[in-house]
Amino acid sequence: MSVFQFLKSKSFFLQLTIAIIGLLIFIFGLKYWLGFSTNHDQKIQVPNLHKMSLESVTKKLNELNLDFKVIDSASFNPNYPKKSVIEQSPEAGDFVKEKRKIYLTLNPSKYRDVTIPDLNGKTKRQAISHLRSIGFNVGTNYTYVNDIGKDVVRGLRYKSNILNKGDKLPLNTIIDLVLGDGNN
């Protein structure tokens with residue numbers, strides 16, 4: 001029997017029909033099973049977790065059968081409570097399925113600490129620029145000491161305490177300058 005005769009035979013068409021029916025049954029069965037096992041029609045709306053503490057987040061997400069994971073702490077934001085949620089992914093209002101993880105970014109409890117540089121002998125302008133560039137605020141309460149250099153930095157103060165090179169203070173701290181008065 002040649003190939004062309006076999007392709008025209010009844011047994012070939014019978015086997016082809018059985019294969020097509022089997023494939024269709026497999027495809028529809030797979031579609032039904034995937035829809036059932038992946039909770040295809042389920043939608044849970046993600047709540048707004050911004051400014052919530054971890055205890056509140058845990059309670060809220062457990063009610064909705066969702067999980068969460070803290071992925072990072074951002075830079076301190078004074079507009080948010082300490083250890084509260086600043087960002088979330090997926091965003092509030094998005095739809096997810098049960099047991100989906102919500103990824104959270106928390107607000108640290110304070111600004112990060114910055115090391116005090118050695119500014120002794122720098123001009124007032126240089127010191128102010130340097131302190132601002134590394135994240136400090138410079139106060140306008142200058143203290144003048146007897147020194148030959150006018151407006152030359154002779155020290156740094158924080159709340160009347162003298163600061164030394166290498167000390168650490170939180171970002172955005174107000175530092176006052178101790179300057180020379182130009183008299184000797």
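The table below lists the values:
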{"item": "Odd one out for Asp118 among (1) in a loop (DSSP other than H, G, I, E, B); (2) surrounded by 11 or more Cβ atoms within 10 Å (Cβ to Cβ); (3) at pLDDT below 90", "result": "(3)"}
{"item": "Complete set of residues in the stretch 21-48 that are free of Cβ contacts under 8 Å to residues at least 12 places away in the same chain and either under 29 Å from Leu104 (Cα atoms) or of a type outside the set (A, V, I, L, M) (or both)", "result": "Gly22, Phe26, Phe28, Gly29, Lys31, Tyr32, Trp33, Gly35, Phe36, Ser37, His40, Asp41"}
{"item": "Residue, farthest from Tyr111 (Cα to Cα), within the stretch 131-184, restricted to residues that are in a loop (DSSP other than H, G, I, E, B) and among the aliphatic types (A, V, I, L, M)", "result": "Ile148"}
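The values are calculated or read from the model by the stated rules, or taken from the named source; none is laboratory data. The structure displayed is predicted, hence computed values, not measured ones. In this analysis, Cβ positions are derived from the backbone assuming ideal geometry, glycine residues included, and neighbour counts consider all displayed protein chains.
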